[in-house]
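Structure first, then comments.
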Amino acid sequence: MTSQEYRPPNYPVLQAVASHGKLLAVLLGLALLASGAWLGWRTGEFVWPVVGLVAGALVATLLASYAEVARIVIDTLVPR
């Protein structure tokens, strides 16, 4: 293989996570919060909105950090 034939990989999943990861994190966190609120309304128990809030915040934080890691990997390790 010559240097003219070489094409660096583009990693489309990393690109998608880096560009849309924070939005996805916020939407999933809000979905969990809404699910907890709905369960609390349907069952009449106060614990479900709290569980939804905690789970939504945790998932949103973890996914946002994963998106940041993907952005760092793209900036440092993926050839341009």
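A few notes on this one:
- Evaluated over segment 25-80, the Cα radius of gyration and Dmax, each in Å: 15.9, 55
- Dipole of the chain computed with +1 at Lys/Arg Cβ and -1 at Asp/Glu Cβ about the Cα centre; of V73, V51, H20, farthest Cα towards the positive end is H20.
- Residue-wise HN-Hα coupling along segment 61-70, computed from phi with Karplus coefficients 6.51, -1.76, 1.60 (Hz; x: Gly, Pro): 5, 5, 5, 5, 5, 5, 5, 5, 5, 4
- Computed from the C-beta positions of V50 and V26, the FRET efficiency with R₀ = 22 Å rounds to 0.65.
- The GNM of the chain, with springs linking C-alpha atoms under 10 angstrom apart, assigns the highest mean-square fluctuation among L63, L30, L39 to L39.
- Residue-wise HN-Hα coupling along segment 36-47, computed from phi with Karplus coefficients 6.51, -1.76, 1.60 (Hz; x: Gly, Pro): x, 5, 5, 4, x, 5, 6, 9, x, 9, 7, 6
No lab work stands behind these numbers, since they all come straight from the coordinates. Model, not experiment: these values are computed from the prediction. Cβ atoms come from the backbone with ideal geometry, glycine included; neighbour counts cover every protein chain shown.
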